[in-house]
1. Under a point spin-label approximation (7 Å from Cα along Cα-to-Cβ), what is the Arg258-Leu200 distance to one decimal in nm?
2. Enumerate by residue number the GluC sites (Glu not before Pro) in region 179-221 meeting two conditions: DSSP loop (anything except H, G, I, E, B), and at most 11 other Cβ atoms within 10 Å of the site's Cβ.
3. Along each principal axis of its Cα atoms, how long is the chain end to end? Whole angstroms, biggest number first, please.
4. On full extension of the chain, what length is gained from Arg267 through Arg83, given 0.36 nm per residue of separation minus the C-alpha to C-alpha distance?
5. Report the extension gain between Arg280 and Asp20 in nm, rounded to one decimal, defined as 0.36 nm multiplied by the number of residues separating them, less their alpha carbon distance.
6. Quick one: if you stick a label point 7 Å off each Cα along the C-beta vector at Ser120 and Asp163, how many nm between them?
7. Calculate how steeply helix 151-163 sits against the longest principal axis of the alpha-carbon atoms of the chain, using the helix alpha-carbon long axis, and give the answer as 0 to 90 degrees to the nearest 10.
8. Work out, step by step, the length gained on full extension between Glu2 and Ser233: first 0.36 nm times the residue separation, then minus their alpha carbon distance; give nm to one decimal.
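Throughout, read-outs are computed from the coordinates displayed, never taken from laboratory work. Every value quoted in this text rests on a predicted model; they were computed, and no experiment measured them. Note that we place each Cβ from the backbone using ideal geometry, even for glycine, and neighbour counts take in every protein chain shown.
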Amino acid sequence: MEIIKEIELMQGLSEKWRRDGDIICLVATMGFLHQGHIELLRVGRENGDRLIMSIFVNPIQFGPQEDYKRYPRDAEGDLDKARSCGVDAVFMPTVEEMYPDGFQSTVRVEEITEYLCGRSRPGHFAGVTTVVAKLFNITRPHLAIFGEKDYQQLIVIKRMVRDLSMDIEIIEVPTVREKDGLAISSRNSYLTPEERSSALSLKKGLDLAKAMVAEGEKDPAEIKDAVRELILSHPSTEIDYIAICDPEELTDIGIIDRPSLFALAVRVGKARLIDNVIVREN
Ligand code: PAF
């Protein structure tokens with residue numbers, strides 16, 4: 001497995017693989033790999049001849065009050081996991097390599113970044129699309145794998161790829177969950193044992209919304225109220241948003257008369273957790 005820190009070397013290797021006729025697949029990560037990432041790598045390995053994983057905790061997608069500094073990191077553990085998942089190259093640049101002095105460009109997707117997480121994390125998605133566009137230019141993939149757990153991120157990246165005519169296929173991977181339903185996330189590591197029990201309220205909220213819609217409830221307000229009540233009955237929870245919206249445009253919907261995205265963000269202790277599901281009538 002190649003471990004590459006310089007942009008030029010990564011571009012050179014990808015170019016060589018392209019000339020050899022290999023299909024290149026990218027899994028972009030911020031490291032601290034968990035089962036969710038392992039699943040992305042598994043799908044990547046299945047779909048590409050060459051699998052590249054990037055590890056880069058991207059400072060420009062964190063707000064000033066967010067957890068950039070304390071975001072969990074484990075480079076050695078990540079490299080071991082990458083090896084056992086059959087990764088061909090790990091691209092792990094420094095911040096200076098990615099954003100040298102004088103860096104002043106941004107890739108921004110407009111409307112769909114204003115809703116859901118965009119409301120409480122201004123600038124977050126511009127940070128994500130800027131780094132992902134850069135990673136695409138550096139690793140030159142044919143395919144890139146993203147998880148449905150970060151649903152808005154996935155939709156925003158797909159929109160960027162479409163709008164900017166990037167010749168890259170985005171493959172979506174369903175959310176990986178713990179046995180009890182908690183969506184696997186690096187930020188789960190911030191939870192105390194008590195908070196972890198409260199964090200289960202997100203999945204319970206999704207299940208409740210799903211059941212209500214399946215049974216014929218069409219009013220988003222009714223569903224949001226029921227889920228809010230359920231979540232707040234768990235200690236240490238603070239709701240950032242509960243939304244029912246169009247799965248592509250992410251705009252709120254007035255009546256549930258088609259498959260809709262049910263998404264939520266909840267602070268549990270120090271962790272801000274997100275989860276989502278598509279709800280539809282039976
Ligand atoms: O999902 C993540 O881990 C990050 O947002 C990504 C896509 C690697 C960009 O920094």
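1. Simple spin-label model gives 3.7 nm for this pair.
2. Glu215
3. Dimensions of the chain along the principal axes of its Cα atoms: 56, 39, 38 Å.
4. Extra length available between Arg267 and Arg83 comes to 62.8 nm.
5. 89.1 nm
6. 2.4 nm
7. Helix 151-163 and the main axis of the chain meet at about 50 degrees.
8. Result for the pair: 78.3 nm of gain on full extension.
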